[in-house]
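Peer 1: Okay, handing you the structure first.
The values are calculated or read from the model by the stated rules, or taken from the named source; none is laboratory data. From a predicted model like this one, the values you see are computed outputs, not experimental measurements. Positions of Cβ are backbone-derived with ideal geometry, glycine not excepted, and every protein chain shown enters the neighbour counts. Just the protein is used for accessible areas: all its heavy atoms, side chains included, with ligands, DNA and RNA removed. Shrake-Rupley method; radii C 1.70, N 1.55, O 1.52, S 1.80 Å.
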Amino acid sequence: MDEAPREWSSVERRLWRDYRHGAVCDLSSGDPATDDPADPAGWGPARTVRAEVLARLLLAGPGPVPGTVRGLKLTGALITGRLDLAGGVIESFVELRGCHFDTGVLLSEARAGTVRFDGCWFPRLDASRLATAGDLVLARCTVASGVRLTDAQIGTDLIANYLVVTGDQADRAFSADGLSVHQDFEADRLVCDGQLSLRTARIGGRLSLRGAELHARPGQRNCLDAARITVGNTFYLSAWAAGAQAGRAVTAGATAAANADADANTTAGANAAGAGSAADPHRLEEIGYSLPHTDPGPYFPTRTGGGGSDNDEDSGSYGLPQTHDPRRLNEHEPAPRLTSRLPRQSSRQPAPAPAPAAGMYGQGFGEAPPAGGRSIPFRAYGGVRLEDGRFESTCLIAGAEFHLGEGQELSLRRIQTPELRFTCPTPPTGTVALSRARIGNLVDTPGAWPDNGRVRLTGFAYESLRPPEDVTFTAHQRIAWLDQALDKYRPEPYEQLAAALRRDGRDEDARVVLYAKQRRRRSALPLPGRIWDLLQDVTVGYGYRPGRAALWLVAAWALGTVWFTGHQPPPVKLDEHPHWNAALYALSLVLPIVDLGQDGWAPAGFGQWLSAALVLSGWVLATTAAAGASRLLQRG
């Protein structure tokens, strides 16, 4: 069948022809304000396509024009009715840009090649058990009531950069339990008002949440639940460098927009980008979308003056609920204000047009933000659960903020990874749990960890310690880290730290840690045990301070010398005794294994008790000092 059905509208017949040629059917006007996909009220019949038409083309469409590859490429359309492709086989390429769906999209159990939604607006997207041979792209879209990708199988990449999504009736914004992605899953600058669920997901390449902002709904414990996730490469839970895009030049206007956005997201607050408008210190900049806008993608700062913004009257906009969360790092930090409201063009300066699809694929990986450059941190307003996760390269937690309330925590229990980087500029406000985690290299900074007993380290094992190149993390700082992190005495963290230091050849630092362990242990002992423990500390430093034992040995010898100088004991045999020497006699007592020729004397009274005390202390102190000297010789 070469011709479209006669009952179709002229726009739909045009789409039929473009589909057969594999050409783009562009219904947009070119005006960013008019083409706003969140406000299609003025689009009219000239831009309206029924969902059943799309289903007909994708499931039973016409053949291609000879010499062409058919494909559905639609831009700027209002799609009416439910797009139901559940269980269908989609053989042609699908790419929809800047479209508005007035009813949900259903892709459950469908089979497709590559499916791209770029900058579209959905009430809901259900793609559970979807299987694609190529990419699934949700870049720069807004979804009002949740995305569902449970048990979906993505043949190459899943791209969700700049996606804004609100929770469904179960308060889940992005539900992807059991998801399988053959290559990378990019979700840079993702904004979720509701839980992001990735339990048992398997990502063959990288998983990136750089600059994302996740919010748990009231009553939810976690904003990110990724228990038992497997990532074949690096997991990025880190900052997004404003103004940087891989593989393309960034225009001056785009960089300015990105830098303004980064300023708006700092905890100190910033001026809004809208001309002449003052920023409200208690909320973030609004986030909007515009197809021709450049870096950082579709989001740009707009004015957020208190009260009457023109944007508040946009009848076609969908706004996420404004929140004011008291669980913040400090009282001066602005509370988040999530919104997918798409502002009018008049509220901002026009941006230069970019190359097509600029920014869809986010930033390059492995790039370090320029010195002094702006970045937007990853922000979690709720618990983060990564328990039993497997990260084959690196788990990178850097430039991130964790706003944790009562009962919420950053749970890294039983994770396994060759390297964990934990270099947050501000410590999480709640508990960090690393119980029974297995790490190769631990790369961290002193200020990244919470204190007041809010780090769980039972059974935490790591091979080596590697602070960043520009950071010094001394043994005493490590001890302070353990003392502040643990709510009560536990020996394993100290022993693990000492073992890691020994593997790095830092034997002296290892002994410092073990000495600190014994001192911390004292607080857990009853009163008699604490007294005896204190005596061991003062005298021999639990055996880790041999120099202290040598000093006490010299003091005992000096005490004996002074006493016996004025109190010479009687000889054992009056006619047979050595020449009296008080210093040698005292030395023979504190060094009982050495014969100095002073054995022919018999002290009595107090002198006898003093002699016994010198012999006992000599055995203990000399043994400790000899052990320390032996270790010194072995190191030499």
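Peer 1: Spot the failing condition for P40; the list is (1) touching a helix residue (DSSP H, G or I) at 6+ places or on another chain (Cβ under 8 Å); (2) over 19 Å from F122 (Cα atoms), and only one is missed.
Peer 2: (2)
Peer 1: Any idea how many residues of the stretch 12-45 are over 14 Å from H100 (Cα atoms) and either among the acidic types (D, E) or free of Cβ contacts under 8 Å to residues at least 40 places away in the same chain (or both)?
Peer 2: 7
Peer 1: Listed residues F122, F93, F101; which is open to solvent by 40 Å² or more (accessible area, probe 1.4 Å), of a type in the set (F, W, Y) and either in contact with a strand residue (DSSP E or B) (Cβ under 9 Å, 6 or more places away or on another chain) or in contact (Cβ under 8 Å) with a residue 12 or more places away in the chain (or both)?
Peer 2: Every option except F93 fails the conditions.
Peer 1: Right, another one. Mind telling me which of the residues G447, G453, G459, G440 ends up being open to solvent by less than 50 Å² (accessible area, probe 1.4 Å), in a strand (DSSP E or B), free of Cβ contacts under 8 Å to residues at least 60 places away in the same chain and small (G, A, S)?
Peer 2: Of G447, G453, G459, G440, the one residue that is open to solvent by less than 50 Å² (accessible area, probe 1.4 Å), in a strand (DSSP E or B), free of Cβ contacts under 8 Å to residues at least 60 places away in the same chain and small (G, A, S) is G440.
Peer 1: Select, from Q183, Q195, the only residue that is within 21 Å of L106 (Cα to Cα), open to solvent by 10 Å² or more (accessible area, probe 1.4 Å) and not small (G, A, S). Please lay out each step first, then the result.
Peer 2: On the way: Q183 fails: within 21 Å of L106 (Cα to Cα).
Matching residue, one of Q183, Q195: Q195.
Peer 1: Given the criteria under 30 Å from W43 (Cα atoms), crowded, with 20+ Cβ neighbours inside 10 Å and modelled with pLDDT under 95, does G167 qualify?
Peer 2: yes
Peer 1: Every residue in the stretch 377-394 that is part of a loop (DSSP other than H, G, I, E, B) and charged (D, E, K, R), please.
Peer 2: Selection gives E387, D388, E392.
Peer 1: Could you give every pair whose Cβ atoms fall below 6 Å, whose first residue belongs to the stretch 151-177 and is touching a residue at least 24 places away in the same chain (Cβ under 8 Å) and farther than 19 Å from L224 by Cβ, and whose second residue is basic (K, R) and open to solvent by less than 10 Å² (accessible area, probe 1.4 Å), counting only separations of at least 6 or pairs across chains?
Peer 2: Filtered contacts from the stretch 151-177: no entries.
Peer 1: Let me ask something additional. Of all residues in the stretch 504-542 being modelled with pLDDT under 65 and β-branched (V, I, T), which is least open to solvent (accessible area, probe 1.4 Å)?
Peer 2: V540
Peer 1: Looking at A41, A55, A4 in this structure, which one is modelled with pLDDT of 95 or more and either surrounded by fewer than 16 Cβ atoms within 10 Å (Cβ to Cβ) or outside any strand (DSSP E or B) (or both)?
Peer 2: Result: A55 is the single residue among A41, A55, A4 that is modelled with pLDDT of 95 or more and either surrounded by fewer than 16 Cβ atoms within 10 Å (Cβ to Cβ) or outside any strand (DSSP E or B) (or both).
Peer 1: Those residues that are crowded, with 24+ Cβ neighbours inside 10 Å, closer than 15 Å to I159 by Cα and of a type outside the set (S, T, Y), I need them from the stretch 202-217; list them, please.
Peer 2: Matches in the stretch 202-217: I203, L207, L209, R210, G211, A212.
Peer 1: Next question, about the same structure. List, please: which pairs have Cβ atoms under 9 Å, are six or more places apart or on different chains, and start with a residue in the stretch 407-418 that is under 18 Å from A216 (Cα atoms) and part of a loop (DSSP other than H, G, I, E, B) and end with one that is open to solvent by less than 50 Å² (accessible area, probe 1.4 Å) and β-branched (V, I, T)?
Peer 2: Final answer for the pair search is Q408/V384; Q408/T429; Q408/T431.
Residue-wise test of (1) at pLDDT 95 or above; (2) open to solvent by 10 Å² or more (accessible area, probe 1.4 Å).
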residue: P336; (1), (2): no, no
residue: R348; (1), (2): no, yes
residue: A353; (1), (2): no, yes
residue: G359; (1), (2): no, no
residue: A371; (1), (2): no, yes
residue: I376; (1), (2): no, no
residue: G389; (1), (2): yes, no
residue: R413; (1), (2): yes, yes
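Peer 1: Just to be sure, is L72 within 36 Å of the chain's Cα centre (by Cα) and over 18 Å from G146 (Cα atoms)?
Peer 2: So L72 does not fit the description; no.
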